[in-house]
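Only one structure is covered here, and it is reproduced in the block below.
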Amino acid sequence: MLKVQELQVNYGGIRAVKNISFEVPDGSIVTLVGANGAGKSTTLKLLAGLQKPYRGEVRVTGKTALLPQEVQTLFAKKTVREDLAEVTSDEAMLAYVTALCRLDALLDRHPYDLSGGEQQRAALAKVLLTRPDILLLDEPTRGLDAAFKAELAELLHDLLAQGVTVVLVSHDVEFCAAYAQRCALFFDGSIASDGA
Ligand code: ATP
């Protein structure tokens, strides 16, 4: 479903991604870890098709959806309810995702008035409503409490069972170790190691 070869991305004089190749097996959770500025978010944006490589190839089969690091950029309406309704009118799907992301009590709030963790959950709901084949998550556990992290892991495993593939960037190494099948360690624009 997902393969990148010899990717290179430059921002002006900065070589953010130097030469990256990897494959993501279908139906798995793969995590990208590494220090700030190592090129993880840029790689995720390439997978989402939001950015073009300077060199190299990105091959993606299926629909991708990206939960960006700046989740506020996903909110466009005055309430969480309207923001979710913007994605789909499927009432059953809306009810399912609202419950899954524990948003029932937040539906009539302004998205910008929510806490960091609540915004994370509302943004994740918006992304899930698009029913992606490949879910790309940039630091999804940021601001989440331990209980919701465990629920997120369960949710990701449910999605895997439905055939969804997950690529997530995280600084939460414990979360990655507990729930991912593979991990790619980024260092200075390259992958230093990639394994189970
Ligand atoms: P973090 O963990 O802090 O999110 P990251 O591993 O995701 O870091 P990237 O955000 O991909 O790293 O950034 C890689 C490099 O590219 C960094 O040096 C960063 O400063 C630079 N960079 C990222 N986005 C831009 C941009 N839009 N314009 C210029 N430079 C950028």
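The values are calculated or read from the model by the stated rules, or taken from the named source; none is laboratory data. On a predicted model such as this, the values are computed, not experimentally measured, just so you know. Note: ideal-geometry Cβ built from the backbone for every residue, glycine included; neighbour counts use all protein chains shown.
Data overview
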{"quantity": "Strands (runs of 3 or more DSSP E) fully within the stretch 83-196 counting 2 or more residues that are within 16 Å of the ligand (Cβ to nearest atom) and of a type in the set (F, W, Y)", "calculated": "182-187"}
{"quantity": "Selection from the stretch 59-87 of residues that are farther than 30 Å from L7 by Cα and modelled with pLDDT under 95", "calculated": "none"}
{"quantity": "Long-range neighbours under 8 Å by Cβ, at least six apart or interchain, first residue at positive phi within the stretch 22-43, second assigned to a loop (DSSP other than H, G, I, E, B)", "calculated": "G27/G163; G27/V164; G39/D188; G39/G189"}
{"quantity": "A92, sole failed condition from (1) more than 21 Å from G195 (Cα to Cα); (2) touching a helix residue (DSSP H, G or I) at 6+ places or on another chain (Cβ under 9 Å); (3) among the aliphatic types (A, V, I, L, M)", "calculated": "(2)"}
{"quantity": "Lone unmet requirement of (1) part of a strand (DSSP E or B); (2) buried (at least 20 other Cβ atoms within 10 Å of the Cβ) for L46", "calculated": "(1)"}
{"quantity": "Options R102, R121, R109: the member that is in contact with a Cys (Cβ under 6 Å, 6 or more places away or on another chain) and farther than 16 Å from Y179 by Cα", "calculated": "R121"}
{"quantity": "Complete set of residues in the stretch 1-19 that are free of Cβ contacts under 8 Å to residues at least 12 places away in the same chain and either more than 8 Å from the ligand (Cβ to nearest atom) or under 18 Å from P140 (Cα atoms) (or both)", "calculated": "G13"}
{"quantity": "Residue within the stretch 51-60 that is more than 12 Å from T165 (Cβ to Cβ) and crowded, with 20+ Cβ neighbours inside 10 Å present", "calculated": "no"}
{"quantity": "Neighbours by Cβ (under 6 Å, 6+ apart or cross-chain): first from the stretch 57-70, in contact (Cβ under 8 Å) with a residue 12 or more places away in the chain; second aliphatic (A, V, I, L, M) and within 15 Å of the ligand (Cβ to nearest atom)", "calculated": "V58/V4; V58/L46; T64/A48; T64/L136; L66/A48; L66/L136; L67/L137"}
{"quantity": "Hits in the stretch 49-82 - residues which are in a helix (DSSP H, G or I) and within 16 Å of the ligand (Cβ to nearest atom)", "calculated": "V71, Q72, T73"}
{"quantity": "Evaluation of G27 against (1) more than 16 Å from the chain's Cα centre (by Cα); (2) more than 13 Å from the ligand (Cβ to nearest atom); (3) closer than 24 Å to A177 by Cβ (one fails), failing number", "calculated": "(1)"}
{"quantity": "Subset of the stretch 69-97 that is touching an Asp or Glu at 6+ places or on another chain (Cβ under 6 Å) and under 18 Å from L144 (Cβ atoms) - its residue that is surrounded by the fewest Cβ atoms within 10 Å (Cβ to Cβ)", "calculated": "Q69"}
{"quantity": "Condition met for F22 (modelled with pLDDT of 95 or more and away from the ligand (no atom under 13 Å from the Cβ))", "calculated": "no"}
